[in-house]
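What follows is one structure encoded as structure tokens, with my remarks underneath.
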Amino acid sequence: MAIYYDCRHCGQRIGKLDHQEIDVSLLGFDQLTNKDLTDMISYDQDGNMRVKSICENCQRTLEQHPNYHELDFFLQ
């Protein structure tokens, strides 16, 4: 099983953890609410975990334009 981190805004691949066994509590997933888990984590057809996060570019854009937080999607 691999864990893929992708930006929820632009879709860019942020990173990948490729291990046979991963203790998800070490990644902090046990600190998330059920809603956050549902919103952020999914599994693909190969059993890999997909985590929606935010890349540095999108984070910088949100910091420069705080009003974008009000939008569902700020990239066109």
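The values are calculated or read from the model by the stated rules, or taken from the named source; none is laboratory data. The structure displayed is predicted, hence computed values, not measured ones. Using ideal geometry, Cβ is built from the backbone for each residue, glycine included, and neighbour counts are taken over all protein chains shown. Accessible surface is based on the protein model in full, side chains and every heavy atom, while ligands, DNA and RNA are left aside. Shrake-Rupley method; radii C 1.70, N 1.55, O 1.52, S 1.80 Å.
Remarks
- The DSSP beta bridges internal to the chain are antiparallel in roughly 60% of cases.
- Each of the peptides 14-20, 66-72 was scored by the mean count of other Cβ atoms within 10 Å over its residues; in descending order, highest first, they stand as 14-20, 66-72.
- Separation of the Arg50 and Ala2 label points, Cα + 7 Å toward Cβ, nm: 1.4 nm
- Cα pair count fraction exceeding 20 Å, expressed as % - the chain: 38 percent
- Using the Cβ-Cβ distance between Asn67 and Thr33 with R0 set to 22 Å, the FRET efficiency works out to roughly 0.30.
- Accessible area of the chain belonging to carbon and sulfur atoms, whole % at 1.4 Å probe: 46 percent
- Per residue, the chain exposes 76 Å² of solvent-accessible protein surface, assessed with a 1.4 angstrom probe and all protein chains in place.
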